[in-house]
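The block underneath contains the structure these notes are about, expressed in structure tokens.
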Amino acid sequence: MSMFKLKNHRVKEASFLENFGRKKLDHMDVGVEGNILIPQNQENDKNVMVKLRLKLGSREDRMYLMLETATLFDVTEQQEAVTEQMVRQECLPVAMAELRETVRQVSAAYGIAPPLELPPFQEENTQ
């Protein structure tokens, strides 16, 4: 049983650029980076956050999409100190899945049809 429960997932920043004057590419670069925030005082603060930033394409491509998300988790059953490894193993796959769904929803909101469907990230399969 997981000691983390998804509390909130939100978009912190979004940027979209589409330039029809540029050539449409068959493949686009996709990059994801992020960080994990674990409270120093875990007795009083029972939240862990995973921040992710996705870049799809570049500003020089026909299409560029950047999303920054914050996924907040409650620590439900804390029997030991929360470590980065625990968060990577249990929270990161959930945050990555939420990011993938957010890309689909945001791309649909920007009028991209069909919405962008990213394949599952490698980190989602670590559970």
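Remarks
- Looking only at residues of region 2-19 that are outside any loop (DSSP other than H, G, I, E, B) and either at positive phi or among the polar types (S, T, N, Q) (or both), we find that the one that is most open to solvent (accessible area, probe 1.4 Å) is Asn8.
- Tally of residues being under 10 Å from Met28 (Cα atoms) and either under 14 Å from the mean Cα position of the chain (by Cα) or among the small types (Gly, Ala, Ser) (or both) across region 56-70: 3
- Within region 57-64, one or more residues are on the phi > 0 side of the Ramachandran plot and either modelled with pLDDT under 85 or touching a Leu at 6+ places or on another chain (Cβ under 9 Å) (or both).
- Any hit, region 90-110, residues being outside any helix (DSSP H, G or I) and either modelled with pLDDT under 90 or among the β-branched types (Val, Ile, Thr) (or both): yes
- Counted residues, region 20-45 - those being open to solvent by 80 Å² or more (accessible area, probe 1.4 Å), under 22 Å from Ala95 (Cβ atoms) and charged (D, E, K, R): 2
The values are calculated or read from the model by the stated rules, or taken from the named source; none is laboratory data. Bear in mind that the values here come from a model prediction, so they are computed numbers and not experimental data. Note: ideal-geometry Cβ built from the backbone for every residue, glycine included; neighbour counts use all protein chains shown. In case anyone asks, the SASA skips ligands and DNA or RNA and just uses the protein heavy atoms, side chains included. Shrake-Rupley method; radii C 1.70, N 1.55, O 1.52, S 1.80 Å.
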